[in-house]
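These notes concern the structure reproduced below.
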Amino acid sequence: MEFKGAGCDFLKSKYNLVKYDSELERNYSEAEVVVREEKSEGTEDAQLHSYTANQTEKVQAKDLSSTIPKLEIDPASPPEDFTEILIQHLKGLTLQKAKTMEQHITLDLWDFAGQHLYYASYPVFLSKRAVYLLVYNLSKSLTMEAQPSVRQNNCETPLRNPSSETNLDNLLSWLISVSTMCSGKQKTSANKESKLRYLRPPVLIVGTHADDPCDNIKDIESQIQRAILGKSFCGHVIRPFFSISNMPGSDGKQINALQDKLIEVLQQEPYMGEEVPLRWFNFEKVVEGLVAAKIYFLALKDLRTVVREVCFIEDEKEMDTMLDFYHDLGMIVKHRNTVILQSQWLIQIFRQLITIRPFNEMEPRHSQLWDEMETTGILSMDLVDHVFSEFCQQGMAKEDILNLMEQFGLIAKFASSPDDVKYFVPAQLSSPPGRLCKVEPSLSDPCPLYLQFPAGFVPHGLFSQLISRCTRWCSEIEFKQPPNFFEGAARFRLLSKQLTHQLIIVLKKRFIKFVFLNSKRSGGRAAPLAEIEEIAGLVWRFLNETIVTLGEDLPYLTSLKYHWCVACTCNRNEDMCDNQEQVSCTHDDRLCLRKILQEGQLDDCPKSIGDEESNVPGLKKWFPIKAVRPGNHPGTESVYKMTALPRGIALIINNKLFVDNPEHGRQPPRHGSEEDVHQLKELFGALEFEVHISENRTKREMLNEVDFFAYEKDHSDYDCFVLWLMSHGRSGEVFGSDGFPLPIETIKDMLSNASCATLRGKPKLLFVQACRGDKEDEGVNVVTNACGSPSVQMPFPCPDSPIDPTKSPSSERIAGQTDFLTAYSTVEGYVSYRYPGIGSNFVRAVVNVFREYVAHDHLVNLLTKVIKRVSEMELAEFKQAPQFETTLVKELWF
């Protein structure tokens, strides 16, 4: 067995042992060995190699390139036609059962490059069905800072070590990543799993250059043992460690011992001898047929259609199992909603961007573009055209290539408008973050947040995925300034009329730090606390949901363990180091962090002796709604009773998506309304209401919802009822998701004292977030953008409804309705505005005003403040004024 590197080449070799069999089921045995090598004399420190040994009984197949007819597809064809053409093409393959089968034992070598940019894609290729070899260099001290490099055309190029990792850190970080990325839910027998003496997947640790160790080999191995002992990932490590000599003519005893241990471990793996349905052979031939037709990837839904029609696999569970099986083999790459049909092709795509050509091989006219990418991170379209020209000539669309690379976290997309789209390659940057690592918030800002990983290292590839998603999200809301990227850091900016908000993200060795800053713009007023807390809350929800969804979208992160933390106040007494401009420093390792518990509460300081502060300044600014607490009002002649728990029902009906309507056509989606729902759910939940959410309801379904809560629900034990209607609208009406209008008076009649006995004499609150006409605030010269425009087109709000000037005003409100309050997001005849990224002006104002004043004022005064707040909003050149009508006979205090 020889350990060697091949730069950024992706190597795959197979060795076949043929055996004939006629069984209808096949036995499958495979093992993958991943090797990470640190080489002497300036060679690459972090290199992955993957050996895959497969033993299969496989149908004998002819050369597909000579048997499959040429596939011709019109690029203008709609997607459904494309899928149908594929199905008809693949049905021409001979998928019948073969009379003879071959048994293959194959060895696949995967040689991963060492550049940090590749770390984002490594996890996709790591298989759960694997045995890993973690290789380190005995000639290098474990405590020395790692010195990675890459070989290109026999030329050694030093690589950066942005985290200042030592050789031991480097080894442990990969051990942690293998443990995290491959220890998800295993589809093997629990009985077999319980008999193993180790955790899966197994890892063998191998030291090379045993002929020239930097210290006594036993002492070096003891150092590694002490570092992993007691850690959760220690259970993956197979005993003993191995040391291999690189000297020619060595006796090879250790090599033989390593081989024997590999075989021993493989024989214990639960997947050995696993039976696989014969019909899965059809899928292999389908993949080969698609690749032969130069189709290298498909959307997952399209591939499912092909499998059903061509492979005759209808069961969804079996289909998922089969796709996961071939993904683990490395035959395909299943990533989110895309399936790559040839791993080698995907690696070639990656290499085109990652490999910066040596000076003598770089075309002169493109050298400036390469330099720009290394300096600013910007990937110009001219460079894309040049780098991917070979693939585009094969029929691939440039947009498909960019979308794939964004999915894998290699590039980040920022679009301030459809005509201004930029792509960034953050991990290619060589510019140090400098003082960005030292930036600290002011007293008016939220405190820094830390995403800490208990294992001691940020998992490989996570930071790139996070930056990519942050970049896209910031372009979808009002962060219209392009981000700034540095090595291991990024800065995003939001400009409002009065403030500049900055989100700074810094990668450290054991955590990711988030700093949110706010500063007054030139000529602006003092920073309004409400806006700071509103945007901080929005950023917090995005960050938290992004980390959660990363685990859902990326299977290799399902076992990710992390904590949201803040820096403890006890750190003030620690001596600060002078090396904070580095991504990693001693102070970071000593930093005391306190975990954030539910509702923004903190756990105890691990160094606590009873005199530390119980809270951290600025923490509550991240969780403003959580600070809202309801009062206790027994009820008097002038105040409504509000003591019940829960206080009452809060029903939120939000229509975001609409279907075609014969009279009104299809209403555009109400992007941003999901943020309104989230805010309202948190607010009324904090006010002790029982919150019910109903989305995308037709006119009839909306009536049925209200009918249930008005007539069938018993409100005897409640003190109040709240209904939010959020949709497109016009004068006196809101639209169902089917495009049919529902009169607001009908809703009010259903909730009146005469109609709902158990709500009689209790306050009933109706909030309407919808347009009430087509007018815009007079005195402002504005050309309204169409609602159907993509959200990234809008640096200003979008009206909530279409215009129908022929519609007559609704009838007068029914006299005699008491205990009712109706609040509209805008006045009669005018449009209501909504931001695609952060929600509607009205809902944001309600949430912010209630958060600030609900404990100090009653409802009518609160809504008066809401009117003032909305009318003063200056996030764009529009104006808006909410309106409310009330027949409440008492004051309502929450």
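Considering region 266-277, and only residues there that are open to solvent by 20 Å² or more (accessible area, probe 1.4 Å) and modelled with pLDDT under 80, the residue that is nearest to P201 (Cα to Cα) turns out to be M272.
Would you confirm whether or not region 681-690 contains a residue that is in contact with a Ser or Thr (Cβ under 9 Å, 6 or more places away or on another chain), surrounded by fewer than 21 Cβ atoms within 10 Å (Cβ to Cβ) and acidic (D, E)? There is no residue in region 681-690 that is in contact with a Ser or Thr (Cβ under 9 Å, 6 or more places away or on another chain), surrounded by fewer than 21 Cβ atoms within 10 Å (Cβ to Cβ) and acidic (D, E). Within region 464-478, residues that are crowded, with 22+ Cβ neighbours inside 10 Å have Cβ atoms under 7 Å from residues that are among the acidic types (D, E) and outside any loop (DSSP other than H, G, I, E, B) in these pairs: S468/E406, counting only partners at least 6 apart in sequence or on another chain.
This table checks each residue for (1) over 24 Å from the mean Cα position of the chain (by Cα); (2) exposed (fewer than 15 other Cβ atoms within 10 Å of the Cβ); (3) modelled with pLDDT under 75; (4) among the basic types (K, R).
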site	(1), (2), (3), (4)
P555	no, no, yes, no
A567	yes, no, no, no
Q582	yes, no, yes, no
I596	no, no, no, no
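Among the strands (runs of 3 or more DSSP E) confined to region 812-894, the ones with at least 3 residues that are modelled with pLDDT under 90 are located at 833-835.
For region 308-330, state whether one or more residues are open to solvent by less than 60 Å² (accessible area, probe 1.4 Å), in a helix (DSSP H, G or I) and either within 30 Å of D211 (Cα to Cα) or small (G, A, S) (or both). There is no residue in region 308-330 that is open to solvent by less than 60 Å² (accessible area, probe 1.4 Å), in a helix (DSSP H, G or I) and either within 30 Å of D211 (Cα to Cα) or small (G, A, S) (or both). The set of residues in region 708-751 being crowded, with 17+ Cβ neighbours inside 10 Å, aromatic (F, W, Y) and not in a helix (DSSP H, G or I) consists of Y718, F721, W724, F735. When the residues of region 177-199 are filtered to those that are under 30 Å from N256 (Cβ atoms) and open to solvent by less than 10 Å² (accessible area, probe 1.4 Å), the one that is modelled with the lowest pLDDT is C182. Taking the criterion of being over 19 Å from I838 (Cα atoms) and either modelled with pLDDT of 80 or more or among the hydrophobic types (A, V, I, L, M, F, W, C) (or both), the residues of region 461-482 that qualify are L462, F463, S464, Q465, L466, I467, S468. Annotation: of all residues in region 420-436 being over 24 Å from the mean Cα position of the chain (by Cα) and at pLDDT 75 or above, the one that is most open to solvent (accessible area, probe 1.4 Å) is R435. Under the condition of being open to solvent by less than 20 Å² (accessible area, probe 1.4 Å), within 22 Å of F453 (Cα to Cα) and hydroxyl-bearing (S, T, Y), which residue from region 132-176 is modelled with the lowest pLDDT? Ranking the qualifying residues of region 132-176, first place goes to S163. Within region 678-702, residues that are over 18 Å from E733 (Cβ atoms) have Cβ atoms under 6 Å from residues that are open to solvent by less than 40 Å² (accessible area, probe 1.4 Å) and of a type in the set (S, T, Y) in no pair, counting only partners at least 6 apart in sequence or on another chain. In the set T375, T338, only one residue is modelled with pLDDT of 75 or more, β-branched (V, I, T) and more than 19 Å from M405 (Cα to Cα); that residue is T375.
Once region 632-647 is narrowed to residues that are open to solvent by less than 30 Å² (accessible area, probe 1.4 Å) and aliphatic (A, V, I, L, M), the residue that is farthest from V722 (Cα to Cα) is V639.
The values are calculated or read from the model by the stated rules, or taken from the named source; none is laboratory data. In this text, all values refer to a predicted model and were calculated from it rather than measured experimentally. Cβ coordinates were reconstructed from backbone atoms using ideal geometry, including for glycine residues, and neighbour counts include every protein chain displayed. To get the accessible areas, we keep the full protein, side chains included, count just its heavy atoms, and leave off ligands, DNA and RNA. Shrake-Rupley method; radii C 1.70, N 1.55, O 1.52, S 1.80 Å.
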